[in-house]
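Please read the structure below before turning to the comments.
The values are calculated or read from the model by the stated rules, or taken from the named source; none is laboratory data. Nothing here was measured: the structure is a model prediction, and the numbers come from that model. Here the Cβ positions follow ideal geometry from the backbone for every residue, glycine too, while neighbour counts run over all protein chains shown.
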Amino acid sequence: MKKTIILLLCIVHCALCIDIYAQKPSDANLVGHVIDASTGEHLPFVTIQLANTSIGAVSDASGHFFLTNLPTGETTFIFSMVGYQTIEASMLLEAGKTCEINIAMEEESLLIDQVVVTANKYETKKREATTIVNVISPLLIESTASNTMSDVLDFQTGVRVEMSCQNCGVPQLRINGLEGQYTQLMMDSRPIFSSLASVYGLEQIPAGMVDRVEVVRGGGSALYGSNAIGGVVNIITKEPVRNSLNVAQNTQIMGGKAWDSNTNLNGSFVTSDSKIGVFLFGVLRQREAYDRDDDGFSEIPRLNSATLGLRSYFKTSDYSKLTLEYHHVTEARRGGNNLDRPEHEADIAESLRHNIDAGNIRWDYYSPNERHYATAYTSLQHIGRNSYFGTAQDPNAYGASDDITAVVGGQYRFHMFNCLFMPADLSAGVEYQYNRLRDQIMGYGRDIRQDVHLYGGYVQNEWKNKDVSFLIGLRGEKHSMLKRPIFSPRANVRYTPIKEIVLRATYASGYRAPQTYDEDLHVGAVGGEVSLIQLSDSLRPEMSHSVSASVDWARRFGSWETNVTLEGFFTQLNDVFSLVENGHDDLGNLLLLRTNEKGARVMGLNVEGKVAYKSMFIFQLGYTYQQSRYIEAVTWSENENIAPQKRMFRTPDHYGYFMATVEPVRKFTINLNGKLTGPMLIQHFAGYVAEDEEVISPTFFDMGIKLAYEIPLYRLYSLEINAGVKNIFDSFQRDIDQGIDRDAGYIYGPNLPRTYFFGINFKL
């Protein structure tokens, strides 16, 4: 399967690039340089892009640039660089003539005007988007010493990542209080995270391959389909911009006794005319198991993984571009006890070996008159997994899973100079998704087969100028596990009464389709209790209605930048899925029937604040207050002393984060960060304890520090040395279950104990 994916991607990639150089030269050229507006120093590696074309270049080491054979006529150039305000400049280009333009760029540490794509499925300035889009930048990833996406997503308002299993280390993402299955995970705007892929997906994506992460809170099914109820997380991989090389090594010591080593190597190669570029990356990770209480059973599983991949582009013309991405992940993780013995010789063992191959191809086209844009794409992912979920030295607990996800689609956008009352962009797209899952534990007689076909299409129109935006959209989907198609509308309004203030209001519906596979089934499989899911004949999809309103204020005071955002949100969930026992089949497997309960409500307030002084000082914080409640109380335990509960489990009423970066002297950086998690209601199942119980967790504050010093070597060569501590105060769960009878799901609080780390980073 791996070879097939690679061969298919390469053949298509090359076949569509035959005419890459078949363009008539215009001899219309542009030269110039880019400087820092404050210091006057020339800025290297500034990206220069012609608007609505595939044409671009990067300033050289001296800050100069030279673009040749450009389209003639009035042309807009976009100058961008991380840490600086984006500048747009227009020039009249004539055939056979060379024009000069010199640009002075001002620092912007808060990235207020950054371009994002997740809000509307096309590039939009963050301040002009009709929905709030939070961006995790490379600076934030580096400042928090994050190795994977699960490490850094905590530093976003309204977002929490928690470990939900001591044995296998499953990271669960929660947005605005809703569980991970209510969030749509995407890579490069493609929904390749299937029900199996999403379980460990966040920890399987190394930070070294990520350019940025865009997070949209609230319903997104009108654009992205099923599961986009709590929000959307779009992981955007790095694209080659210039010739570069980066080698990094980071080593962590968890709790003073377990090692975690991460080695990253990546490099970019770009031709002199910027028509071909390749970004290559490789990551090797080795982590020892961590046993908090020395009972012989792990709290953090052992992990060994290797990731290799690339992202490349070919500019097939001045107005079209072909992009290819591929990565391969090999991973082995194991938790429980007796980790040096075969799985069936351990008292508890949860062991998983993943082999993942994934890739996508995208073709983009911009018309010369800047009114038309079209894209076509296809993505393919294959997961092969060997597993063991068992106790008491059970030889029958070995299993295997095979998962294939394919996506193909296209999008078209048309710019209208006037539609009824103002300029507008009309967008429409179609998409087909296929997922085939096979999950077997033959020793238990379990064989789950799930095939899902999803046909979808959407249309939206955005009326927009600098002061106001109106957007209406509708997506229709036919899911093979549902009898009827689902229609998900959205409506958004943005109003900018003055330059500093943006007001937004949003309505979005969403839905979640049922499935016969659930990763939680493996929890029951530990010890030989095998469960299978059936769908009720009267089963309806989960539906949601989300509304939000926000105020976004941003202003510069000389070299100071400030930004404050207040957002109120409300989500109504209807027909929430529930599992009830429904007898046994002929093989003795427990049958679980998926039905609908009444619903739930989630409401709250998000507060974000940011302030920066050039690159010398950056501070940001986020705080969420919310209530997550079922409409009718839910019974989860047979213990008569436990009353039905309306409050959602593992959802604190308040939580937040802060991050501060200080550069007291040039090249020396101090990063402080912290996460606050308020009390939450936790289920604790009998085993280590005599009977089921409900526990209110304590408040946790997890603080970290990182010190980094960059040593200039030769010209643009540099070496960074860094060290620090995560969870300085060792704010970790104190009442962990012990022994063979423990409840592995009874784990909460910070994901790491006090952890020391040190690293080196060579950059070119």
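Is it fair to say V233 is surrounded by fewer than 23 Cβ atoms within 10 Å (Cβ to Cβ), of a type in the set (A, V, I, L, M, F, W, C) and out of contact with any Cys (no Cβ under 9 Å at 6 or more places or on another chain)? So V233 does not fit the description; no.
Residues are listed down the side, and each one gets a yes or a no for (1) surrounded by 16 or more Cβ atoms within 10 Å (Cβ to Cβ); (2) within 22 Å of Y182 (Cβ to Cβ):
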position: W463; (1), (2): yes, no
position: P485; (1), (2): no, yes
position: K499; (1), (2): no, no
position: Y507; (1), (2): yes, yes
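Residue count for the range 385-407 satisfying the condition of being crowded, with 17+ Cβ neighbours inside 10 Å and within 22 Å of the chain's Cα centre (by Cα): 4.
Only one entry of T68, T157, T75 meets the criterion of being buried (at least 18 other Cβ atoms within 10 Å of the Cβ) and not assigned by TED's automatic domain parsing to the domain that holds I175, and that entry is T75. Take E370 and tell me if it is at pLDDT 90 or above and in the same structural domain as D294 (by TED's automatic domain parsing). Judged against the criteria, E370 is not a match.
Strands (runs of 3 or more DSSP E) fully within the range 640-682 that include at least 1 residues being within 12 Å of L707 (Cα to Cα) and of a type outside the set (G, A, S): 654-665, 668-677. Against the list (1) surrounded by 18 or more Cβ atoms within 10 Å (Cβ to Cβ); (2) not assigned by TED's automatic domain parsing to the domain that holds F758, the condition K97 fails is (1). Does the range 127-143 contain at least one residue that is touching a helix residue (DSSP H, G or I) at 6+ places or on another chain (Cβ under 8 Å), closer than 30 Å to L223 by Cβ and either of a type in the set (G, A, S) or free of Cβ contacts under 8 Å to residues at least 24 places away in the same chain (or both)? Within the range 127-143, not a single residue is touching a helix residue (DSSP H, G or I) at 6+ places or on another chain (Cβ under 8 Å), closer than 30 Å to L223 by Cβ and either of a type in the set (G, A, S) or free of Cβ contacts under 8 Å to residues at least 24 places away in the same chain (or both). Pairing each residue of the range 676-690 that is closer than 19 Å to M648 by Cα with any residue that is of a type in the set (A, V, I, L, M, F, W, C) and outside any strand (DSSP E or B), provided the two are 6+ apart or on different chains, yields C-beta distances under 6 Å for L681/F649; Q683/F649. E663 versus (1) touching an Asp or Glu at 6+ places or on another chain (Cβ under 9 Å); (2) farther than 26 Å from S628 by Cβ: which is the lone unmet condition? Single failed check for E663: (1).
Take Y388 and decide whether it is assigned by TED's automatic domain parsing to the domain that holds Y290 and closer than 21 Å to D188 by Cβ. No, not satisfied. Quick check on S194: is it buried (at least 22 other Cβ atoms within 10 Å of the Cβ), small (G, A, S) and under 10 Å from the mean Cα position of the chain (by Cα)? So S194 fails the test. Considering only the range 741-749, I want to know if a residue exists there that is out of contact with any helix residue (DSSP H, G or I) (no Cβ under 7 Å at 6 or more places or on another chain), at pLDDT 95 or above and not charged (D, E, K, R). The answer is no; no qualifying residue exists. Residues in the range 164-179 that are surrounded by fewer than 24 Cβ atoms within 10 Å (Cβ to Cβ) and small (G, A, S): S164 alone. Restricting to the range 471-496, count the residues that are free of Cβ contacts under 8 Å to residues at least 24 places away in the same chain and either assigned to a strand (DSSP E or B) or small (G, A, S) (or both). Here the count works out to 4. For A708, the test of being part of a strand (DSSP E or B) and in the same structural domain as V161 (by TED's automatic domain parsing) is passed. Here D702 meets the list (1) more than 26 Å from the chain's Cα centre (by Cα); (2) surrounded by 14 or more Cβ atoms within 10 Å (Cβ to Cβ); (3) not in a loop (DSSP other than H, G, I, E, B) almost entirely, failing just condition (1). For first residues located in the range 32-61 and in the same structural domain as I276 (by TED's automatic domain parsing) and hydrophobic (A, V, I, L, M, F, W, C), partners that are part of a loop (DSSP other than H, G, I, E, B) and at pLDDT below 90 and lie 6+ apart or on another chain with Cβ distances below 8 Å do not occur. Taking the numbered list (1) in a loop (DSSP other than H, G, I, E, B); (2) touching a Ser or Thr at 6+ places or on another chain (Cβ under 9 Å); (3) closer than 30 Å to D737 by Cα; (4) not basic (K, R) in turn, P395 passes all entries but (2). Entry remark, the range 335-361: residues being more than 13 Å from T391 (Cα to Cα) and either among the β-branched types (V, I, T) or modelled with pLDDT of 95 or more (or both) number 2 in total. Against the criterion of being under 26 Å from the mean Cα position of the chain (by Cα) and either outside the structural domain of I236 (by TED's automatic domain parsing) or not hydroxyl-bearing (S, T, Y) (or both), F314 qualifies. Of all residues in the range 236-245, those satisfying the criterion of being over 21 Å from the mean Cα position of the chain (by Cα) and surrounded by 16 or more Cβ atoms within 10 Å (Cβ to Cβ) are V241, R242, S244. Could you go through the range 189-204 and let me know if any residue there is aliphatic (A, V, I, L, M), in the same structural domain as V329 (by TED's automatic domain parsing) and farther than 20 Å from Q515 by Cβ. Scanning the range 189-204, I find no residue that is aliphatic (A, V, I, L, M), in the same structural domain as V329 (by TED's automatic domain parsing) and farther than 20 Å from Q515 by Cβ, so the answer is no.
From the set of residues in the range 539-587 that are touching a residue at least 24 places away in the same chain (Cβ under 8 Å) and not in a strand (DSSP E or B), which is nearest to E108 (Cα to Cα)? So the residue we want is S559. In the range 412-420, is there at least one residue being free of Cβ contacts under 8 Å to residues at least 40 places away in the same chain and closer than 17 Å to P514 by Cα? The answer is no; no qualifying residue exists.
Being free of Cβ contacts under 8 Å to residues at least 24 places away in the same chain and not basic (K, R) is the filter; apply it to the range 86-126 and report the residue that is farthest from R212 (Cα to Cα). Applying the filter and picking the extreme gives L92. Which of the residues that make up the range 311-342 are among the acidic types (D, E) and either buried (at least 22 other Cβ atoms within 10 Å of the Cβ) or more than 30 Å from D291 (Cβ to Cβ) (or both)? Residues satisfying the conditions are D318, E325.
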